[in-house]
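Computed from the coordinates by the stated procedures, all read-outs in this text should not be read as laboratory data. Every value quoted in this text rests on a predicted model; they were computed, and no experiment measured them. Quick reminder, even Gly has a Cβ in these numbers, built from the backbone with ideal geometry, and neighbours come from all protein chains shown.
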Amino acid sequence: MKEILQALQQSLESNEPVALATVVEVKGASPAQVGFKLLVWPDGRIMGNVGGGALEKRIREEAMSALREGQSRLVHYTLREAGPDAIGMLCGGEATVFIEVYQPAPVLLIVGGGHIGRPLAEMARIVGFHVQVVDVRAERATVPQFDPATITPWTYVVLITEDHVTDEQALRQVLDTPAAYVGMIGSQRKVGTIFDHLRAEGIAEKRLAQVHAPIGLDLGGRSPAEIALAILAEIVQVRYGGSGKPRALLMEKRD
């Protein structure tokens with residue numbers, strides 16, 4: 001138990017995603033006991049024990065699925081060959097497991113801390129992002145320089161500098177990273193010109209298609225704060241896989 005908790009703490013401190021599966025209820029014959037724990041990482045590594053055999057294999061698979069989806073879950077298994085929730089065992093008992101997902105806090109990397117970057121940073125902090133701002137003006141920056149090596153699958157990158165050349169240079173570096181989101185501000189003409197430059201350098205169309213540009217949802221606002229809101233709305237939509245449509249319309253379709 002101590003080793004599992006220490007490993008969990010280490011993963012949290014290093015911003016490494018991990019899932020903790022805990023047996024919370026057992027009925028009848030079962031190799032698992034209440035309190036058994038299994039720590040599971042996205043690459044398949046495990047630590048701990050929840051009974052071994054087919055049950056542990058199924059819990060491990062479910063934990064990896066939970067990590068991919070980023071959602072904790074309560075899972076029920078019947079240790080029988082057939083029937084609801086059956087996993088092909090002969091014990092005859094039941095086990096309920098809580099799989100808790102721990103993921104790094106999402107990072108919003110804003111390249112350009114100007115009149116749009118400032119309100120965007122404020123709003124993003126409110127909704128739970130760890131915000132990093134890169135800017136040539138030190139008083140507007142929170143990190144000393146733009147470092148693509150620090151970008152992870154939990155990083156959302158926004159390119160909103162005051163210079164289209166700087167935006168293009170930053171985009172060129174970001175395309176090879178595992179960023180969850182990349183968005184660039186600018187008119188359709190500016191975006192098209194930059195994309196043409198990158199195509200000429202051999203950048204694949206598939207990679208360019210992953211860039212959200214012009215950036216943000218069409219909310220109609222034009223002030224810096226309203227544009228920042230539109231950008232953040234698109235980021236949240238991408239993060240959770242939302243439709244971006246009014247919820248009222250979605251409810252009408254369900255009815």
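Structural remarks
- Nitroxide proxy distance, nm - points 7 Å out along Cα→Cβ at Thr193 and Arg172: 1.6
- Average 1/r across all pairs of distinct alpha carbons in region 2-102, invert it, and you get the Kirkwood radius: 13.5 Å.
- Cα-only Debye scattering, region 133-255: base-10 log of I(q)/I(0) at q = 0.10, 0.12, 0.22 Å⁻¹: -0.36, -0.50, -1.44
- About the centre of its Cα atoms, region 107-240 shows a dipole size close to 180 debye [charges on the beta carbon of Lys, Arg (+1) and Asp, Glu (-1) only; nearest 20 debye].
- Rel. contact order, % - alpha carbon contacts under 8 angstrom, at least six apart, the chain: 13
- Scaled radius of gyration (Cα, divided by 2.2 N^0.38 Å) that region 201-255 gives: 1.45
- Cα long-axis angle, helix 117-126 against the chain (0 to 90 degrees, to the nearest 10): 20
- Protection proxy ranking, peptides 103-109, 243-249, 126-132, average beta carbon neighbours within 10 Å, highest first: 103-109, 126-132, 243-249
- Taking a sphere under 14 Å around the Cβ of Ala228 and counting the other residues whose Cβ falls inside, with K and R at +1 and D and E at -1, yields a net charge of 0.
- Remark: the chain projects, on average over all directions, an area of 18.1 nm² (convex hull of Cα atoms).
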